[in-house]
Amino acid sequence: MIAELKFPRHPLAELAGWDERVRLMVRPRRYEHVLRVAELACQIACANRLDEARAYAAGLLHDIARDLPDAELLRLAPPECAIDVGHPLALHGRAARTLLERWGYPDSVVLEAVEDHTTGPRGGNLVAACVYIADVSEPGRGVNADIRELALCDLGAALNRAIVSKVTYLQGRGIQVHPRTLRSYHALPELRSPACDLPGVS
Ligand SMILES: [Fe+2]
Ligand SMILES: [Fe+2]
């Protein structure tokens with residue numbers, strides 16, 4: 001139940017009313033996941049000296065289209081490749097961005113993070129990296145605790161591990177990798193958080 005959630009609501013989300021929109025768009029268990037992702041993304045941003053408010057907002061909004069039917073996802077985010085056609089669920093990040101833009105959400109950094117959370121962040125958007133890592137490693141998933149812990153001290157290293165292991169896993173089984181994930185893979189060397197560049201922080 002929502003009342004039992006242990007994470008505090010972020011003032012930015014409350015003021016804008018976006019948390020209520022998300023709650024109305026997704027199933028209750030999804031909403032709990034969303035709040036965990038937002039909270040963890042905020043923690044990762046804080047640990048890496050990045051924009052906490054943007055990370056929280058992107059975490060809050062990332063799955064707003066996740067429970068829409070396939071036909072609606074395809075309408076909001078026309079397929080770009082055969083993977084999208086065969087698995088419309090892969091479109092829920094792009095569909096979320098379309099919805100948010102139509103509703104007037106103003107922050108392009110957050111919108112890009114929402115769009116890319118299913119396939120991987122493009123180089124340079126560290127808010128997107130926070131959300132991507134939080135989504136795959138939030139405690140409710142029960143997996144990727146190592147990536148979560150790594151991200152709390154070195155976001156770049158955590159993203160590298162997450163993306164490389166995903167691409168390696170898929171390619172090792174002969175499964176086609178989404179072109180956007182390959183884009184994220186090839187962008188990895190460019191993505192370093194400010195904290196990682198500090199002396200003594202590897
Ligand atoms: Fe998602
Ligand atoms: Fe998610």
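The values are calculated or read from the model by the stated rules, or taken from the named source; none is laboratory data. All values reported here derive from a predicted model rather than from experimental measurement. Using ideal geometry, Cβ is built from the backbone for each residue, glycine included, and neighbour counts are taken over all protein chains shown.
Filtered by the rule that a residue be farther than 16 Å from Leu40 by Cα, charged (D, E, K, R) and touching a residue at least 12 places away in the same chain (Cβ under 8 Å), segment 154-174 gives Arg161, Lys166.
The C-beta contact set for segment 51-62 (first residue closer than 9 Å to Val37 by Cβ, second residue of a type in the set (Gly, Ala, Ser) and away from ligand 1 (no atom under 16 Å from the Cβ), distance under 9 angstrom, 6+ apart or interchain) comprises Leu60/Ala13. Every condition in (1) buried (at least 18 other Cβ atoms within 10 Å of the Cβ); (2) within 16 Å of ligand 2 (Cβ to nearest atom) holds for Thr98 except the one numbered (2). For segment 132-153, the criterion of being β-branched (Val, Ile, Thr), in contact (Cβ under 8 Å) with a residue 40 or more places away in the chain and within 14 Å of ligand 2 (Cβ to nearest atom) is satisfied by at least one residue.
Of all the numbered requirements in (1) within 16 Å of ligand 1 (Cβ to nearest atom); (2) touching an Asp or Glu at 6+ places or on another chain (Cβ under 7 Å); (3) within 20 Å of Ala128 (Cβ to Cβ), Ala45 misses one, and that requirement is (1). Look at (1) within 16 Å of ligand 1 (Cβ to nearest atom); (2) surrounded by 16 or more Cβ atoms within 10 Å (Cβ to Cβ) and you find that Arg141 fails only one, number (2).
In the set Val143, Val131, only one residue is within 14 Å of Val37 (Cα to Cα), assigned to a helix (DSSP H, G or I) and in contact with a helix residue (DSSP H, G or I) (Cβ under 9 Å, 6 or more places away or on another chain); that residue is Val131. Comparison of Val37, Val85, Val114, Val110 shows that the only residue that is β-branched (Val, Ile, Thr), away from ligand 2 (no atom under 13 Å from the Cβ) and closer than 22 Å to Gly156 by Cα is Val110. What residue, among those in segment 44-70 that are assigned to a helix (DSSP H, G or I) and away from ligand 2 (no atom under 16 Å from the Cβ), is surrounded by the fewest Cβ atoms within 10 Å (Cβ to Cβ)? Result: Asp70.
Scanning segment 62-89 for residues that are among the charged types (D, E, K, R) and either away from ligand 1 (no atom under 11 Å from the Cβ) or on the phi > 0 side of the Ramachandran plot (or both) yields Asp70, Glu72, Arg75, Glu80, Asp84. Based on this model, can you work out whether Leu73 counts as in contact with a Leu (Cβ under 6 Å, 6 or more places away or on another chain) and within 16 Å of ligand 2 (Cβ to nearest atom)? It is true that Leu73 is in contact with a Leu (Cβ under 6 Å, 6 or more places away or on another chain) and within 16 Å of ligand 2 (Cβ to nearest atom). Scanning segment 23-36 for residues that are over 23 Å from His87 (Cα atoms), aliphatic (A, V, I, L, M) and crowded, with 19+ Cβ neighbours inside 10 Å yields a single hit, Leu35. The residues of segment 77-95 that are surrounded by fewer than 18 Cβ atoms within 10 Å (Cβ to Cβ) and either part of a helix (DSSP H, G or I) or at pLDDT below 95 (or both), listed by number, are Ala82, Val85, Gly86, Leu89.
To keep it simple, each residue is scored yes or no on (1) crowded, with 21+ Cβ neighbours inside 10 Å; (2) within 22 Å of Ile83 (Cβ to Cβ); (3) at pLDDT 95 or above.
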residue	(1), (2), (3)
Glu112	no, yes, yes
Ala151	yes, no, yes
Lys166	no, yes, yes
Pro179	no, yes, yes
Cys196	no, no, no
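Scanning segment 108-127 for residues that are more than 13 Å from ligand 1 (Cβ to nearest atom), touching a residue at least 24 places away in the same chain (Cβ under 8 Å) and in a helix (DSSP H, G or I) gives Val109, Val110, Leu126, Val127.
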